[in-house]
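Input: a single structure, listed below in structure tokens.
The values are calculated or read from the model by the stated rules, or taken from the named source; none is laboratory data. On a predicted model such as this, the values are computed, not experimentally measured, just so you know. Glycine also receives a Cβ, built like all others from the backbone with ideal geometry; neighbour counts cover every protein chain displayed.
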Amino acid sequence: MILIDTSVWIEGLRERGKPELKQRVHELLRGNRACWMPMIRLELWNGARGEREKRVLRDFEQVLPELEVTVEVWEAANDLARRARAAGLTIPAADILIAACARYHGVEVESTDAHFADLGKL
């Protein structure tokens with residue numbers, strides 16, 4: 001499984017999105033390897049425009065595996081946030097939660113956001 005971050009979903013689902021990201025999302029969906037988690041779902045719904053995008057999200061809610069955000073994920077996110085701060089990194093809380101969720105569930109994150117590379121070093 002690959003946890004697709006919001007940054008990749010947005011490009012991959014846009015009609016005029018970056019072709020390489022559109023292809024990557026298509027490959028992951030076709031191979032039943034794509035998943036999401038509540039924070040990513042929220043970010044996508046927050047930015048959804050038009051009936052087409054909303055329909056796609058409703059369809060995803062029916063078929064995409066969703067990684068659970070457990071107490072252990074929250075604890076891992078808190079620890080990751082402390083380590084990021086100690087390393088001098090300022091990273092949005094949403095990205096920390098997403099990274100912690102992926103680590104907890106043992107999946108990779110597909111993202112264009114440099115924060116995930118920084119978090120991967122901690």
Exercise for the section: Pick out the one residue from ASN46, ASN32 that is free of Cβ contacts under 8 Å to residues at least 40 places away in the same chain and not in a helix (DSSP H, G or I). Expected result: ASN32
Exercise for the section: Could you tell me which of the residues ALA76, ALA117 is crowded, with 17+ Cβ neighbours inside 10 Å and either at pLDDT below 95 or not assigned by TED's automatic domain parsing to the domain that holds THR6 (or both)? Expected result: ALA76
Practice task
State whether the residues of segment 9-17 include one that is out of contact with any Gly (no Cβ under 9 Å at 6 or more places or on another chain) and either modelled with pLDDT of 95 or more or of a type in the set (Phe, Trp, Tyr) (or both).
Solution key: yes
Handout entry: In segment 43-73, the residues that are of a type outside the set (D, E, K, R) and exposed (fewer than 13 other Cβ atoms within 10 Å of the Cβ)
Key = ASN46, GLY47, GLY50, GLN62, VAL63, THR70, VAL71
Practice task
Being assigned to a loop (DSSP other than H, G, I, E, B) and surrounded by fewer than 17 Cβ atoms within 10 Å (Cβ to Cβ) is the filter; apply it to segment 95-114 and report the residue that is farthest from the chain's Cα centre (by Cα).
Solution key: GLY106
Fill in the blank from the handout: If you go through VAL73, VAL56, the only one that is among the β-branched types (Val, Ile, Thr), farther than 16 Å from VAL107 by Cα and in a helix (DSSP H, G or I) is VAL56
